[in-house]
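Notes follow once the structure below has been shown.
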Ligand code: PMP
């Protein structure tokens with residue numbers, strides 16, 4: 001049984017409790033982060049912590065009192081659950097003042113809820129999907145307008161995953177006004193004539209921590225990066241496509257809406273970026 005963390009306590013998962021009036025349960029009023037663990041160490045932890053702080057600020061959710069101890073709490077859960085490869089999931093919600101109301105509860109008297117748990121994923125970095133690549137479909141982006149905030153409102157992305165499964169595919173890329181925003185749980189890229197193309201940062205997409213690291217490594221390796229809008233047609237006509245996220249790292253995309261991308265197999269740029277990211281991020285893991 002897992003040991004989880006809830007509001008200051010390390011508990012067996014079956015003993016962890018959150019109020020039914022918690023704002024995340026009633027209104028999806030919460031934010032989260034997922035940090036991957038490789039070889040028992042946390043990948044890109046500082047980036048995830050910085051984005052958590054930003055999400056909390058954007059929604060005016062109080063920082064948990066133990067904010068400065070979050071690294072220790074992550075490490076303790078990794079240790080207690082003997083996680084070699086896997087994930088640490090963290091969620092902060094606006095908490096509960098014991099009733100339901102659209103207006104936010106009093107900030108002074110309502111403490112945020114803080115929950116963390118681990119997921120063991122042996123061989124996370126050697127996923128066979130990295131060898132075969134993902135098949136994706138394109139779907140309309142029907143999410144809200146502040147996708148830069150990492151909220152727990154994940155119903156539409158979940159529906160997108162199910163639409164992909166129903167189509168015999170692995171994932172979906174969402175499209176707004178003709179341009180790809182991002183994947184259901186990852187940032188989206190194409191490669192054309194050696195250039196790496198990905199949508200620029202704005203409120204329309206999540207500012208991926210893996211995206212930031214991968215683009216930095218790409219530039220350091222003298223690759224050309226273009227941060228701009230691109231269409232699904234452009235993606236289908238690209239030499240390569242791939243996605244990035246904390247749990248998938250760099251993952252090739254080989255098919256879009258039934259059409260092979262490039263050679264229809266994982267491309268050299270995606271493979272190289274995956275190698276660089278895994279090597280550099282593990283060297284910097286804490
Ligand atoms: N976009 C969305 C919509 C996501 O849910 C995620 C993963 N949480 C990402 C991008 C990738 O972000 P990161 O690299 O920080 O995991």
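We did not get these values from a lab; they are worked out from the coordinates using the rules stated. These numbers come from a predicted model, not from an experiment. Note: ideal-geometry Cβ built from the backbone for every residue, glycine included; neighbour counts use all protein chains shown.
In segment 156-242 the Cα-Cα distances spread across 10 Å bins starting at 0 as 17, 49, 30, 5 percent of all pairs. As a ratio to 2.2 N^0.38 Å, the alpha-carbon radius of gyration for segment 1-75 is 1.20. Calculated mean residue ellipticity, 222 nm, the chain: -8000 deg cm²/dmol, from DSSP H runs (n ≥ 4) at -39500 (n - 2.57) each, averaged per residue and rounded to 500. In terms of overall dimensions, the C-alpha atoms belonging to the chain reach 56, 40, 34 Å along their principal axes, ordered largest to smallest. Rg and Dmax of segment 129-284, based on Cα coordinates, read 14.3, 40 Å.
Only Cα pairs under 8 Å and at least 6 apart count here; give the relative contact order of segment 79-194 as a rounded whole percent. Answer for segment 79-194 is 21 percent.
Over all pairs of distinct alpha carbons, what does the Kirkwood formula give as the hydrodynamic radius of segment 205-286, in Å?
13.5 Å
Hey, can you rank 52-62, 110-120, 96-106 by average C-beta count inside 10 Å, highest first?
Values: 52-62: 16.5, 110-120: 19.3, 96-106: 12.0.
So the peptides 52-62, 110-120, 96-106, ranked by packing, come out 110-120, 52-62, 96-106.
For segment 160-286, the relative contact order works out to 21 percent when only alpha carbon pairs closer than 8 Å and six or more residues apart are counted. Listed peptides 149-162, 185-198 appear in the order 185-198, 149-162 once ranked by packing, highest mean of other Cβ atoms within 10 Å at the front. I need to check one value: relative contact order of the chain, counting alpha carbon pairs closer than 8 Å and at least 6 residues apart, in percent. So the answer I get is 19 percent.
Measuring nothing but alpha carbons in segment 77-184 and taking Rh as the Kirkwood radius, the Rg to Rh ratio lands at 1.06. Most simply put, segment 129-284 has about 60% antiparallel DSSP beta bridges, counting only bridges with both residues inside it. Using the Cα coordinates of segment 89-131, the gyration tensor eigenvalues translate into equivalent-ellipsoid semi-axes of 39, 11, 7 Å, sorted from longest to shortest.
Out of the DSSP beta bridges found with both residues in the chain, what percent are antiparallel (nearest 5)? Rounded to the nearest five, the antiparallel share is 80 percent.
Per the Debye calculation on segment 3-124 with a single equal scatterer at every Cα and no solvent contribution, log₁₀ I(q)/I(0) for q = 0.14, 0.19 Å⁻¹ amounts to -0.59, -1.02. For segment 64-121, with equal point scatterers placed on the C-alpha atoms only and solvent neglected, what are the log10 I(q)/I(0) values from the Debye formula at q = 0.20, 0.23, 0.25, 0.29 1/Å, to two decimals? Treating every Cα as an identical point scatterer, log10 I(q)/I(0) equals -0.77, -0.88, -0.96, -1.16. Between the helical axis of 268-283 and the longest alpha-carbon principal axis of the chain there is an angle of about 30 degrees.
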